[in-house]
Structure formats: structure tokens, C-alpha cells
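The structure follows.
The values are calculated or read from the model by the stated rules, or taken from the named source; none is laboratory data. The shown structure was predicted, so the numbers you read here are calculated from the model rather than taken from an experiment. Cβ coordinates were reconstructed from backbone atoms using ideal geometry, including for glycine residues, and neighbour counts include every protein chain displayed. Ligands, DNA and RNA are stripped out before the accessible areas are found, and what is left, the full protein with its side chains, is counted by its heavy atoms. Shrake-Rupley method; radii C 1.70, N 1.55, O 1.52, S 1.80 Å.
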Amino acid sequence: MNVDKGFLQLIAGTLRALTLFTRFALIFLLARILPPAEFGLFGLYFAGLQLATSFVGVDLYTYTTKQLTSKGANRSDLIAKHFGAIIILLLLLSPVFASAFLVSNGAITGYIAVIFLMHLILEAISAEGGRILVPLGRPLAADIILFVRSSLWVIPLIVAYFVSPLQIDLIYVLLLWVSGSILASICTVRFIGGYFDQEKYTTIDFKWIHTAFFGSIIFLAGTLLFRSILGLDRFVVSWLLGLEVVGVYGLYASVCLGVLGLIESSVSAWHFPALIREIQLNDKAEIRKRFLAFFRQNSIASVSIISFVVIVFPPLADYLLSEIYVKNIGAFYFIAAGVFFYCLSMPFHYVIFGYRRDVAFVLIYGAAMIVGALFAVAFIPTLGPIGAGIMLGLALFVVSVGRVIFAAFLFRKANSC
């Protein structure tokens, strides 16, 4: 049965909007029921999980994605090899990341680190599944997985709050989140399972792992730098200003980055596979057509969604949250501005990716990290939460400018050939 792509995209966008709404609800709820320092600890857990999930797969998905979008790709074989490699990486690296998380802050206990270890394995499986489903032409399935792992578990938390709010603590929240990740992993196996050979679900192919690793290593270097911007930022704020300020900063960063995720999945996931294919085929007319369609829809989504959040969020924060959050609302505006420019530049990101100029990502993210780090050291101790917001907004703006410059250079070079 053929289903209109626009209808599927509408469903995906709705799921992403629900994901964003439940994220907002979670953030407001935790900011209300947890002391600022404990909410800051949740922010460190969230950031640590994001960092570890990004790194544990060593970006092999970039190599797999490029192979899956190539003509004549053997999907079943590629997916089996990819997940075979992920299993090995999880066994080797997840204990390392859990140990690093444990020693990163004195407020993190061994009990939380054990939960983190289990959670990391589940999140890595579902994250890899979501990444692979997009180049397979199933972005809606990827959005379903994301909704289950990020949002569905929040609903019983909200119900529990209204039934017995005094019994909710950080461990309760984390265990509920783990349950959502378990369900997301089950969904991942269900969606990906149809692409496996029935007799061979995973393949341990060390030669392929070696090739994929070195085929992804430059992109991995870029990811390491990028995650120094989105992930290590909360640890930097913790070291410079303490857990309470992490709670304030983390609240605003989570809201704004939730918007970024919504735009990426509701727009980018539906456009970039086709754009990359046309770039590889070197069809200049089709590349221009695909890029302009991508850029147009992405711009409309970025302007409308971020404008809505900037208008709606501050009054809600003023009404629902304590004074420590409200008096530092300026940090939110700086982060929102950076996310806005970052979202506008997404089509340019995939132009660079399509032309396989991974070195450009290293240069872009490296420049952004240096700018953010210099600003952090020089100004955050004096400016406090506002300075933290400027740090992130400035780094994202540098990423945006770098993407446009490199993509324009690649377009010009391709059209001159």
C-alpha cells in the first residue's frame, strides 16, 4: 500500500512535537520537584549519557550510511556487520564510559553509575537503530523509536507526580527512563529485524570493522569536538559554577536543543538521503532542486518553531519555576539564538556530508569548540548562567557560519568542473 510521503512526514512531525512537549513537561516537572543541585545532577546524567551514546559506536553509522545510500548496496549484509560491530564496542567501551562518569563529579554515586551502565547499553542499541533506519528510507520508524525512548516514559512520571509527588526522587526518575529505553530497544529489534537474513542477525567481521572505523575516523574526530560543545558543556559549567547553575543552564539548553531535534527529524531526515544520492550521482540540476526544497522547508520550520518557543517558554518559566531560573532567563535567549542559526544551516551540513568532506567537520567543530572554551574560561566565572548561555549560543553560531562557508565552496567547485 502506497502512503503519501507528506502524510507520513506529518505523522513524524506530530510525533516529534509530542516528544518536544513531553520533554518540556519533564524539564518543568523536575525543576519543580527536585532541588536545583539534584536537578543539576540529572543534567550531568543526561549529558553523560548523550556523550557516551555518541562515542560508544565510534561513528561507524556514518560509514554504514554512506554504503547504504550507494547503488547496489547489500542492506542485510551491511546491517548485520554494523550491529555485530556495535555489540563488540558496547562490551569494550560501556564499562569505560560508566567509570568515567562515576569519577566526573563527587555527587555521583556507584548506584547511579550502575544504572548509567545498563542505560547506556540500551540507549546505544536504540540510537543506532534510529540512525540506520533513516538511510533505509524509514524515518517514521526512527521517530517512533525516539518517541518511545525519550518521551513515552514521561507520562507515568507525570501521573505519579499528581498521585504522590513526595515519593518522586532522582533514582525513581532514572529507573523510569531506563524502562523507556528497554521498550525502545524492543522496538528497534522489531523495526530492524526485517532487514536481517533470518539465519544471521549479526556478523562479527573484523576486517569490515577495521575498514568502517578508518572510513569514519575523521567524522568521529568531528563528533568528539562537537560533543565537547553539546555534552561536555554541562560538566564545564559544573566545574566553574557548581551543580545549581548546571540545573539552570541545563533547563534552558534542554528546551532549545529539543527544538533542534524536532527540526532535524521532521525536516532533515526526510530530505538528506535524496540530496546525498544526487550529490553522488553528480546531477547538478537535481542537486540544486533537492537542496532548495530542503532549505525552504527547513527555514520555515526553524523560524516558526523557534519563534513559538521563544514566545511561549519565558511566561511559562515565570509562572511555574522558582526565582533562580527566572532571573537567569537571559541564558535561554542566547542559547535559542544559537540553535536558530544552527537549524538554518542544517542543509549545508548535509551538502558537506554528501561530498564526503569530513575534514571540514573537524575544522568547523574545532573552531567552535575553541571559541566556546576561550569564552568559558574568560567570562563564565564573572557572568554566571548568562555567560554559560552565551558560550553555547556563540559556539553554535560559529558552527553555522562554518557550514555555510564550506558548503558554498563545495557548490562553487562542483559547478566549475
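If you scan segment 121-147, which residues turn out to be open to solvent by 10 Å² or more (accessible area, probe 1.4 Å) and touching a Gly at 6+ places or on another chain (Cβ under 7 Å)?
Ala142, Leu146
Would you mind telling me which numbered condition in (1) modelled with pLDDT of 80 or more; (2) not in a helix (DSSP H, G or I) Leu44 fails?
(2)
Could you look through segment 200-216, keep only residues that are of a type in the set (A, V, I, L, M, F, W, C), part of a helix (DSSP H, G or I) and touching a residue at least 24 places away in the same chain (Cβ under 8 Å), and pick out the one that is least open to solvent (accessible area, probe 1.4 Å)?
Applying the filter and picking the extreme gives Ala212.
Just checking, which of Val339, Val351 is crowded, with 20+ Cβ neighbours inside 10 Å, closer than 30 Å to Thr382 by Cα and in contact (Cβ under 8 Å) with a residue 24 or more places away in the chain?
Of Val339, Val351, the one residue that is crowded, with 20+ Cβ neighbours inside 10 Å, closer than 30 Å to Thr382 by Cα and in contact (Cβ under 8 Å) with a residue 24 or more places away in the chain is Val339.
What single numbered condition from (1) modelled with pLDDT of 80 or more; (2) open to solvent by less than 20 Å² (accessible area, probe 1.4 Å) fails to hold for Glu278?
For Glu278, the exception is condition (2).
Taking segment 96-148 only, how many residues are among the small types (Gly, Ala, Ser) and either without any contact (Cβ under 8 Å) to a residue 60 or more places away in the chain or touching an Asp or Glu at 6+ places or on another chain (Cβ under 7 Å) (or both)?
8
Kindly evaluate Asp77 against the criterion of being farther than 20 Å from Phe39 by Cα and open to solvent by 40 Å² or more (accessible area, probe 1.4 Å).
Here the answer is yes, as Asp77 does meet what is asked.
Any idea which of (1) within 18 Å of the chain's Cα centre (by Cα); (2) open to solvent by 60 Å² or more (accessible area, probe 1.4 Å) is the one Ser345 doesn't satisfy?
Only one criterion is unmet by Ser345, namely (2).
Quickly run through segment 362-372 and pick out the residues that are touching a residue at least 60 places away in the same chain (Cβ under 8 Å) and open to solvent by less than 60 Å² (accessible area, probe 1.4 Å).
Val362, Ile364, Tyr365, Gly366, Ala368, Gly372, listed by residue number.
Among the residues of segment 178-192, write down those that are closer than 20 Å to His82 by Cα and open to solvent by 20 Å² or more (accessible area, probe 1.4 Å). Full working, then the answer.
Quick first cut of segment 178-192, residues closer than 20 Å to His82 by Cα only: 184-192.
Across segment 178-192, the qualifying residues are Ile186, Cys187, Val189, Arg190, Phe191.
I'm told Asn328 meets every condition in (1) under 19 Å from Leu240 (Cβ atoms); (2) in contact (Cβ under 8 Å) with a residue 60 or more places away in the chain; (3) assigned to a helix (DSSP H, G or I); (4) open to solvent by less than 30 Å² (accessible area, probe 1.4 Å) except one. Can you identify the failing condition by its number?
Only one criterion in (1) under 19 Å from Leu240 (Cβ atoms); (2) in contact (Cβ under 8 Å) with a residue 60 or more places away in the chain; (3) assigned to a helix (DSSP H, G or I); (4) open to solvent by less than 30 Å² (accessible area, probe 1.4 Å) is unmet by Asn328, namely (3).
Follow-up question, since we're still on this one. What residue, of Gly402, Gly372, Gly366, Gly389, is small (Gly, Ala, Ser), part of a helix (DSSP H, G or I) and touching an Asp or Glu at 6+ places or on another chain (Cβ under 8 Å)?
Just one listed residue meets the conditions, Gly372.
Counting only residues that are within 17 Å of the chain's Cα centre (by Cα) and among the β-branched types (Val, Ile, Thr), which one in segment 101-139 is modelled with the lowest pLDDT?
Per the criteria, the residue is Val134.
Taking the stated definitions as given, is Val267 closer than 21 Å to Asn328 by Cα, assigned to a helix (DSSP H, G or I) and not small (Gly, Ala, Ser)?
No.
Any idea which of Leu175, Leu166 is aliphatic (A, V, I, L, M), at pLDDT below 85 and either surrounded by fewer than 17 Cβ atoms within 10 Å (Cβ to Cβ) or under 30 Å from Phe39 (Cβ atoms) (or both)?
Leu166
While we're looking at this one, here's another question. Kindly indicate which of Leu240, Leu292, Leu225 is at pLDDT 80 or above, within 20 Å of the chain's Cα centre (by Cα), open to solvent by 30 Å² or more (accessible area, probe 1.4 Å) and more than 21 Å from Arg23 (Cβ to Cβ).
Unique residue meeting the criteria: Leu225.
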